[in-house]
Amino acid sequence: MNQYLNRAEHFGANGYRDTRGKTEGTVSFTEAVIQGLAPGGGLFVPEAIPSFSLEDIQALADLPYAHRAATLYKAFNIDLADEEIDALMDQAYGSNFDDPRICPITTLNDSTHILELWHGPTSAFKDMALQCLPRFFSASAQALRDQGKLDHQFLILVATSGDTGKAALEGFCDIDGVSIGVYYPHGGVSDIQRKQMVTQDGSNVCVWGVEGNFDDCQTGVKKAFADEAFAQELLERCNVSLSSANSINWGRLLPQVVYYLSSYAELVAQGHVALGDPIDVCVPTGNFGNILAAWYAKAIGTPIDMLLCASNENRVLTDFINTGTYDISDRPFLLTPSPSMDILISSNLERQLYELTGRNDEAIAQWMNDLSTTGTFRVDAETFAKLRESFSADSTTNEECLATIREVFDSYHYLMDPHTAVAYHAAENLRGQNPVLVASTAHWAKFGDNVYRALHHIEAGAPLPSDISALTGCELNTLIADETGCHNIPQGLAHLDTKPVRFTSVIQNNVENIENAAMNFISEL
């Protein structure tokens, strides 16, 4: 523990505060990770943000990725010993990734670089955090048990728009003392995403489809977290408490900050950027966690100029960044070729607004209450001005998304998924003089149906030819690979058709059904 105290002297004490001010004082990193969501619905944010010099960031390029991640965690002064942080990071970023660089950068031209965040076991960027969080969750729980603050087990509940569910299932699979249940919108994820979840191995996992869209699903799970009677029943009957692996958990967000510092160091080391010169970062954005991580990287000292927020046709974030008004009161929920971004309630925006208001928890509590009760809120002029200093935003139509996949493949022989295409298209519209780092959030083979539409000039949402629609997702991906020469289909996707389906339940979307499903699952373990 002396190492922790030494870090405290160097970086300053660093607890975690509640964005809505309902938690008195601060909690530790381990407590924030275990609780997930703050009492009263707020989110935990670090009391202090560390500062890295340009030389600190440049030096990251000389380290393996796991050591880069450990360096940032130690700077955030978390209450675990240095050697434990090092060991956990070595486990999180090892042979479970298919590239030793973990998140390599592909350069398309002098001013456009693609950050490939999908080399983990589920082929989506969520692995960057969810190979890390379960290990730190388990270590945090053990630390609190050792302190006599904890004597029960945990049930992780996750609402997913597609990728988080599988990544969380994979990360928490057979972790001691933790079970995990995942809810996904029935019919609202790709065939590959669904198969990844419903074939998941592990004795401590369960998956349910939920009628409705992702926002319905996420709202139901949030209500379950807020139900004190349900929490009490879980604890009394099963000795289990709820926690979260969604990006509302700070332990999900902090690993994402790492790859933005790491990527800038890589761009400098590769000679694409001179040390200190700014870059812009473009992120396909749904729940606002990934782009928020880039903002924290900027706050730490990474020379990021503008954060380019890319929306699909569910353009609530684009409209908010351009107007200062967040309004879902009469906004339709649209299904697009980029389903992981089909989100109208962007949970992590709350953390960003907390930072931009100078940590005004009263304003945050009021805005979040307004959103909950009226479906809209408007930020004050000063906060809006600060938002515009760092963010610009644009949206991409379904047809523009598919056209971008085709155009980038034709120009660079680089095949991207629809979410990355949304970001690339927005980057082209928003970019200035700076080089742009585009966050690529999933392997193309997770969305083979829409990649096929893109390559064959088929309109978004239009039916595929009968001979193509008869193929399984894996068979379609093999066809695309043969047509394009892009045979880099990850093993975890290539063999999904051979895995038995374990979970077939579809439940009605209300908090009672969500809670009953969870209770039945945990009671039978």
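So, LEU254, is that one open to solvent by less than 10 Å² (accessible area, probe 1.4 Å), hydrophobic (A, V, I, L, M, F, W, C) and touching a Leu at 6+ places or on another chain (Cβ under 8 Å) or not? Yes; evaluated as a whole, the condition is true for this residue. Condition check for LYS223 on (1) open to solvent by less than 40 Å² (accessible area, probe 1.4 Å); (2) of a type in the set (Lys, Arg); (3) closer than 21 Å to ASN516 by Cβ: one failure, at (1). Looking across SER247, SER243, one residue alone is open to solvent by less than 30 Å² (accessible area, probe 1.4 Å), assigned to a loop (DSSP other than H, G, I, E, B) and not charged (D, E, K, R). It is SER247. Just so you know, in segment 478-516 the residues that are more than 22 Å from GLU170 (Cβ to Cβ) and among the charged types (D, E, K, R) include one that is least open to solvent (accessible area, probe 1.4 Å), and it is GLU515. Taking every residue in segment 169-197 that is at positive phi and pairing it with any residue that is of a type outside the set (Phe, Trp, Tyr) and in a loop (DSSP other than H, G, I, E, B), at least 6 positions away or on another chain, the pairs with Cβ-Cβ distances below 8 Å are ASP174/GLY202; ASP174/SER203; ASP174/ASN204. Residue under question is ASP410, and the condition is that it be open to solvent by 10 Å² or more (accessible area, probe 1.4 Å) and under 20 Å from THR484 (Cβ atoms); does it hold? Criteria met by ASP410.
Take the conditions open to solvent by 10 Å² or more (accessible area, probe 1.4 Å), polar (S, T, N, Q) and modelled with pLDDT of 95 or more and apply them to ASN312. Does it pass? No: the conditions fail for ASN312.
Residues of segment 251-271 that are more than 28 Å from PHE136 (Cβ to Cβ) and either touching a residue at least 40 places away in the same chain (Cβ under 8 Å) or touching a strand residue (DSSP E or B) at 6+ places or on another chain (Cβ under 8 Å) (or both): VAL268, GLN270.
Taking the listed residues ALA265, ALA297, the one that is in contact with a Phe, Trp or Tyr (Cβ under 8 Å, 6 or more places away or on another chain) and assigned to a helix (DSSP H, G or I) is ALA297, with no other qualifying. Within segment 315-339, being open to solvent by 10 Å² or more (accessible area, probe 1.4 Å), closer than 19 Å to ILE405 by Cβ and among the polar types (S, T, N, Q) holds for one residue alone: THR336. Of the set (1) assigned to a helix (DSSP H, G or I); (2) without any contact (Cβ under 8 Å) to a residue 60 or more places away in the chain, all apply to ALA274 but (1).
In segment 61-98, of all residues being more than 28 Å from GLU31 (Cβ to Cβ) and aliphatic (A, V, I, L, M), the one that is least open to solvent (accessible area, probe 1.4 Å) corresponds to ALA61.
Every condition in (1) out of contact with any strand residue (DSSP E or B) (no Cβ under 7 Å at 6 or more places or on another chain); (2) crowded, with 22+ Cβ neighbours inside 10 Å; (3) not in a helix (DSSP H, G or I) is met by LYS149 except one, and the failing one is (2). Criterion applied to ASP394, ASP417 was being closer than 25 Å to GLY485 by Cβ, among the charged types (D, E, K, R) and open to solvent by less than 50 Å² (accessible area, probe 1.4 Å), and the one residue passing it is ASP417. Among the numbered criteria (1) open to solvent by 30 Å² or more (accessible area, probe 1.4 Å); (2) farther than 28 Å from ARG135 by Cβ; (3) among the hydrophobic types (A, V, I, L, M, F, W, C); (4) in contact (Cβ under 8 Å) with a residue 60 or more places away in the chain, which single criterion is violated by ILE279? With (1) open to solvent by 30 Å² or more (accessible area, probe 1.4 Å); (2) farther than 28 Å from ARG135 by Cβ; (3) among the hydrophobic types (A, V, I, L, M, F, W, C); (4) in contact (Cβ under 8 Å) with a residue 60 or more places away in the chain applied to ILE279, the lone miss is (1). Listed conditions (1) open to solvent by 60 Å² or more (accessible area, probe 1.4 Å); (2) assigned to a loop (DSSP other than H, G, I, E, B) are all met by ASP467, apart from (2).
If you take the residues of segment 359-377 that are touching a residue at least 24 places away in the same chain (Cβ under 8 Å) and of a type in the set (Asp, Glu), which of them is surrounded by the fewest Cβ atoms within 10 Å (Cβ to Cβ)? The extreme case among them is GLU362.
Candidates in segment 50-67 are the residues that are small (Gly, Ala, Ser) and either part of a helix (DSSP H, G or I) or more than 22 Å from GLY301 (Cβ to Cβ) (or both); of these, the one that is nearest to the chain's Cα centre (by Cα) is ALA66.
Could you tell me whether LEU292 is over 19 Å from LEU43 (Cα atoms) and open to solvent by less than 10 Å² (accessible area, probe 1.4 Å)? Considered against the rule, which asks whether it is over 19 Å from LEU43 (Cα atoms) and open to solvent by less than 10 Å² (accessible area, probe 1.4 Å), LEU292 comes out as no.
Selection within segment 22-49: residues that are in a loop (DSSP other than H, G, I, E, B) and open to solvent by less than 10 Å² (accessible area, probe 1.4 Å). The member of this set that is nearest to PRO134 (Cα to Cα) is GLY36. Among the residues of segment 173-208, those that are at pLDDT 95 or above, closer than 27 Å to VAL27 by Cα and not aliphatic (A, V, I, L, M) comprise SER179, GLY181. If I filter segment 114-123 for residues that are open to solvent by 20 Å² or more (accessible area, probe 1.4 Å) and either among the hydroxyl-bearing types (Ser, Thr, Tyr) or more than 27 Å from SER347 (Cα to Cα) (or both), do I get at least one hit? No, there is no match, as no residue in segment 114-123 is open to solvent by 20 Å² or more (accessible area, probe 1.4 Å) and either among the hydroxyl-bearing types (Ser, Thr, Tyr) or more than 27 Å from SER347 (Cα to Cα) (or both).
The values are calculated or read from the model by the stated rules, or taken from the named source; none is laboratory data. Just so we're clear, the structure is a prediction, and the values are computed from it rather than from any experiment. Backbone-built Cβ (ideal geometry, glycine too); neighbour counts: all protein chains shown. The accessibility values were calculated without ligands, DNA or RNA, using every heavy atom of the protein model including side chains. Shrake-Rupley method; radii C 1.70, N 1.55, O 1.52, S 1.80 Å.
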